[in-house]
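Please read the structure below before turning to the comments.
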Amino acid sequence: MLVNNILTNYIIEYMEEFYSTRYLKRIGKLSHTSNIFTCLPILDGQKILEVNILSESGKTETIRTIDEINEKIRKGDAVVLTAEEMIRLVESSGVDVAAKEVDVVTSGTFGAMCSSGVFLNFGHSDPPIKMTQCWLNDVPVYKGIAAVDGYLGATVLSETLGFEYGGGHVIEDLVSGKEIQLRAESYGTDCYPRRHIETTITIDDLNQAMLLNPRNCYQRYDAATNSTDRVLYTYMGTLLPNYGNITFSGAGQLNPLCKDPNYETLGIGTRIFLGGGIGYIIGEGTQHNPITGFGTLMVKGDLKQMSSRFLRGSSFYRYGVSLYVGVGIPIPILNEKIASTTAVKDENIFVSVKDYGIPSRPDLRPSVKKVSYADLRSGKVEIKGKGVPSSSLSSYKMAVEISEVLKKWIQDGRFLLTAPVEKLPKQSVVKPLEIRKKEPKVSEIMRTNVITANPDDDVKEIAKKLVEKGIDHLPVVDGARKLEGIVTSWDLARALASDKKRLEEIMTKKVITVFQNESIDVVARKMAKHNISGVPVVDKENHVIGIVTTDDISKKLVGGRTTI
Amino acid sequence: MIVRLTYSPEVVEKPVLAEVILKTGVPINILEAKVNAQKGELVVSIPAKGKTLEQILGFFKEAGVITQKFTQILQIDFNKCTSCGACISPCPTRALRFSLDWTLEFDEEKCVACRTCVNACPVKAIAVP
């Protein structure tokens, strides 16, 4: 207990220094292995409820400088280990020995990174064109910049092939040296008279092809599962019903930001492995969230040097397209503290398993469980007493390969380390998008005087009731108004034709329902998806409190605005 | 061995599978079943090899059921595959897994050709011919 108290005090001091006291309410679970300890503080304020910050001990006196490391690299004397090798060395010899022996630890990650894209300069045709719209292999290129500059984002879909092909695939095809169809339109000006152009290009024809990714390399990422009774197709892959599987992303113990979670060596100007070529960190990525340990990077590099082995276009079934990006970052072992963080293991890196069955914004999706990357990588995680298969979406094998390639570059003297001009920020907060315009909710348009039936009711009587009241949907409830099923006028017509007597025999038992605080927009999408024209509104205990039909939506909402 | 059993209208109402199980004592497991009055199609896993397997298949053939062994069900293009793992946890029969060095491995014996992995693969490396 004494040891724990000392550690707790240390962490509180440490965290107060970096994360300011107003976030810190109390320390949660605490664990430590060798010189590395992890804590799960519960933070409040800024709506951050659960946080997992990696802390570490170790001395901060400088052992070596980046210049000294580079000198050794030039001479071919630098000791370079991959993150996996560093973990083994610290385990066998201790962090003090590892810190003395090792100059650089290489990290790596290879996963789908949607916030990626490439700036292109096509060069001028004769007569020239000020391209206002542009397509590469039918994939739209952003043209809100100069005449023949464009930005091709990884997630844009092809206008002809949809989910099968998109920006990420064009980037892979460019890198592979394939011929790409270029098409562009314009309104024509005195200086740029051409209004249409159609040609083919390869990467060699482009003046510049600059991979510039606003958000790459997430430090870690929450895993995904699905509580509903249907298959979900998400950016986290295929999620089977009833917690049928768990998917996760991230390289864990190989991830660059997990290897330097205090951002002591990372920042603007850090030279990195990017897509098989050389790139640079150009700042923190969008949604950079260091307080919760979800840091991100913005990176750039020359696409012409890169390789399609480390840049892969991808399609997520019924979701969209993306780009798998390979990133590897060398961490200079400047002191013992950095040595200890480069040896952090999957067992000490935690994420939540989020329920993607609840269609809320990411931070509001319920967390089903807290797990480590080691748990996730074991292939099975227990949820509600059941062993649920888990598997990654990012490639650990490729992450290892990237850390090995980068190690080789450094050992061969082809890659020198850089000190950041400015380190990554340690305090920034990710805010949600508030909806300020009033949005119609189910409660505003639902009918509350719902006509219901009981499972034992006679089919003919109910058919009569439907005709009298002029309605099409009849929720079937038990004595306590709990929803048991639904019948529609169509079900009744069929029942009468087949001579069935009791409502229970013909009702649909698996009913699509909505809650009263859901937005009409979401409900309309639900109805269209299931091809139904009415849904009962239920409370949390499944009591029927109203009903919404497509008629209600179309009558009460005109042009997207509520008239009530 | 995974086998597809196709029942014609003439035999679809006969309890052929139950008879074969009773006769041989081999616990044949049904993995997929599509049966109606006209036609039946079952995908079954027969835990037997060599002569026993051939004998079991023989019983089905005698009863008028067409048998088709699943071989080369999935084609995985390992030049395209990045061993990301997106196909592994969605696989209902655990036919896909990682080897010790995190390379994707495929166990043909377990595959029922449900195509879940074909859709789950982000780089279109898996096909069912």
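The values are calculated or read from the model by the stated rules, or taken from the named source; none is laboratory data. All figures in this text were calculated on a predicted structure; none of them were measured in a lab. A quick note on method: Cβ atoms are made from the backbone with ideal geometry, for glycine too, and the neighbour counts reach across all protein chains shown. Each accessible area value is taken on the protein alone, full model and side chains, heavy atoms only, with ligands, DNA and RNA left out. Shrake-Rupley method; radii C 1.70, N 1.55, O 1.52, S 1.80 Å.
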Relative contact order, percent, chain B [alpha-carbon distance under 8 Å, six or more residues apart]: 26 percent
Round to the nearest 10 and give me the degree value, 0 to 90, for the angle of helix B:50-62's Cα axis relative to the longest principal axis of chain B. 50 degrees
Size of the dipole of the protein assembly as shown about the Cα centre, Lys and Arg at +1 and Asp and Glu at -1 on the beta carbon, nothing else charged, in debye to 20? 1220 debye
Inter-probe distance in nm under a simple model that places probes 7 Å from Cα toward Cβ, at A:E68 and A:I201: 4.8 nm
Obtain the nm distance between the two label points defined at B:D101 and A:K556 by a simple spin-label model: each point lies 7 Å from its Cα along the Cα-to-C-beta direction. 6.3 nm
For the range A:74-219, build the charge dipole from Cβ charges (+1 Lys, Arg; -1 Asp, Glu) around the Cα centre, then report which of A:P128, A:L157, A:T202 sits farthest towards its positive end. A:P128
Cβ-Cβ FRET estimate between A:N242 and A:D138, R0 fixed at 41 Å, reported to 0.05: 0.55
For the protein assembly as shown, build the charge dipole from Cβ charges (+1 Lys, Arg; -1 Asp, Glu) around the Cα centre, then report which of A:L182, A:Y192, A:I471 sits farthest towards its positive end. A:I471
Hey, can you find the accessible area per residue of the range B:2-69 for me, probe 1.4 Å, expressed in square angstrom? 59 Å²
Can you pull out the trypsin sites (Lys or Arg not before Pro) in the range A:300-344 that DSSP calls coil and that have at most 14 other Cβ atoms within 10 Å? A:R318
Cβ-defined net charge surrounding A:E179, 11 Å radius [Lys, Arg +1; Asp, Glu -1]: -2
Residue mean of other protein chain beta carbons inside 10 Å, B:92-100: 2
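Could you give me D for chain A, from Stokes-Einstein at 37 °C and 0.692 mPa s, where the hydrodynamic radius is the Kirkwood radius over C-alpha pairs? Units µm² s⁻¹, please.
Translational D for this selection: 121 µm²/s.
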14 Å beta-carbon shell around A:G269, net charge (K/R +1, D/E -1): +1
Relative contact order, percent, of the range A:123-206 when contacts are C-alpha pairs under 8 Å separated by at least 6 residues? 32 percent
For the range A:442-557, share of DSSP beta bridges that run antiparallel, in % to the nearest 5: 90 percent
To the nearest 0.05, the calculated FRET efficiency linking B:Q68 and A:S428 through their beta-carbon distance, R0 being 45 Å, is 0.15
As I understand it, the dipole of the protein assembly as shown uses +1 on the Cβ of Lys and Arg and -1 on the Cβ of Asp and Glu, about the Cα centre. Which of A:V429, A:I69, A:N262 lies farthest toward its positive end? A:V429
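For the range A:442-557, which whole percent of the accessible surface, found with a 1.4 angstrom probe, sits on carbon and sulfur atoms? Walk me through the numbers on the way to the answer.
Details: 3140 of 6460 Å².
After summing per-atom areas, the C and S share lands at 49 percent.
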Just in the range A:186-256: which chymotrypsin sites (Phe, Trp or Tyr not before Pro) are loop by DSSP and have at most 14 other Cβ atoms within 10 Å? A:Y187
Please work out the C-alpha center-to-center distance from the range A:427-476 to the range B:101-119 and express it in whole Å. 43 Å
Which value at 222 nm does the protein assembly as shown reach when only helices count, each DSSP H run of 4 or more adding -39,500 (n - 2.57), with the total divided by all residues and rounded to the nearest 500 deg cm²/dmol? -6500 deg cm²/dmol
Can you give the mean number of other chain Cβ atoms that lie within 10 Å of the Cβ atoms in peptide A:305-315? 2
Give the ranking of A:H530, A:H169 by solvent-accessible surface, highest area first, calculated with a 1.4 Å probe. A:H530, A:H169
How much of the accessible area of the range A:116-273, in percent, comes from carbon and sulfur atoms when a 1.4 Å probe is used? 49 percent
Per 0.36 nm of contour for each residue apart, how much would the distance between B:K39 and B:K124 grow if the chain were fully extended, relative to their Cα-Cα spacing? 27.3 nm
Measuring from its Cα centre, chain B shows a charge dipole (+1 at each Lys and Arg Cβ, -1 at each Asp and Glu Cβ) which, in debye to the nearest 20, is 80 debye
So what is the relative contact order of the range B:73-129, in percent, for Cα pairs below 8 Å that sit 6 or more residues apart? 47 percent
Which of the trypsin sites (Lys or Arg not before Pro) across the range A:463-503 are loop residues per DSSP, with 15 or fewer other Cβ within 10 Å? A:K500, A:K501
Determine the gain in length on full extension of the stretch A:Y187-A:D302; use 0.36 nm per residue of separation and subtract their C-alpha separation, reporting nm with one decimal. 38.2 nm
For the residue pair A:S360 and B:M1, what label-to-label distance in nm results when each label sits 7 Å from Cα along the Cα-to-beta-carbon direction? 5.3 nm
Protein heavy-atom accessible area occluded, B/A pair - total, 1.4 Å probe, Å²: 1800 Å²
Averaged over peptide B:76-86, how many Cβ atoms belonging to another chain are found within 10 Å of each residue's Cβ? 6
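At a 10 angstrom cut-off on C-beta neighbours, averaged per residue, how do the peptides A:443-451, A:128-136, B:30-38, A:84-92 rank from highest to lowest?
Ranked from most to least packed, the peptides come out as A:128-136, A:84-92, A:443-451, B:30-38.
What ratio of Cα Rg to 2.2 N^0.38 Å holds for the range A:123-206?
Cα-based Rg divided by the globular estimate yields 1.07.
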